[in-house]
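Below: the structure, in structure tokens.
The values are calculated or read from the model by the stated rules, or taken from the named source; none is laboratory data. From a predicted model like this one, the values you see are computed outputs, not experimental measurements. Here Cβ is always computed from backbone atoms with ideal geometry, including for glycine, and neighbour counts include all displayed protein chains.
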């Protein structure tokens, strides 16, 4: 998809497949993801992971300018997905094949402008199946909640901070405090 300029921001939003990007743009996204700490490893290690994403949302300065924000709907490995739900003490029922919203990063000189929320919102609007996200960032927690994700299970200690699990299921009404507790929450959850 082509970029659609945002009114007054000077940024163009792009939404599509990572494979649709030029090799230079693919590398720029990988460098941004690395710099933002969303994935550890070299740019060469990150590129194959980005190729496995379903959808990418980008923000760039102007129609063809520098990429300053990225986010993705990715396809995690089964054991990774199971581990995230197990760490949260939440049931994975209904989310066994769920993609994960992640790799949300904003260039350091554009942080504090609520751009991560724009990226999360764009990806969440394209989700038509159960999906999940994990984060240790308060900014991301707020963006996920505003975009319709529901926090489930209990928080756990990750390598960089305290992580929380968030889910969205467009096929099910998810009202805060009124979830199907037996399917979403584990038996010891404090978020009921």
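Results, tabulated for the structure shown:
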{"read-out": "Filter pass, residue 126 being more than 9 Å from the chain's Cα centre (by Cα) and surrounded by fewer than 16 Cβ atoms within 10 Å (Cβ to Cβ)", "value": "yes"}
{"read-out": "Filtered residue count, region 6-47, keeping only those that are free of Cβ contacts under 8 Å to residues at least 60 places away in the same chain, buried (at least 16 other Cβ atoms within 10 Å of the Cβ) and part of a loop (DSSP other than H, G, I, E, B)", "value": "1"}
{"read-out": "Whichever residue in region 67-82 is touching a residue at least 40 places away in the same chain (Cβ under 8 Å) and within 27 Å of residue 11 (Cα to Cα) and, among such residues, is surrounded by the fewest Cβ atoms within 10 Å (Cβ to Cβ)", "value": "67"}
{"read-out": "Residue that is modelled with the lowest pLDDT, among those in region 151-172 that are closer than 23 Å to residue 117 by Cβ, surrounded by fewer than 20 Cβ atoms within 10 Å (Cβ to Cβ) and out of contact with any strand residue (DSSP E or B) (no Cβ under 6 Å at 6 or more places or on another chain)", "value": "160"}
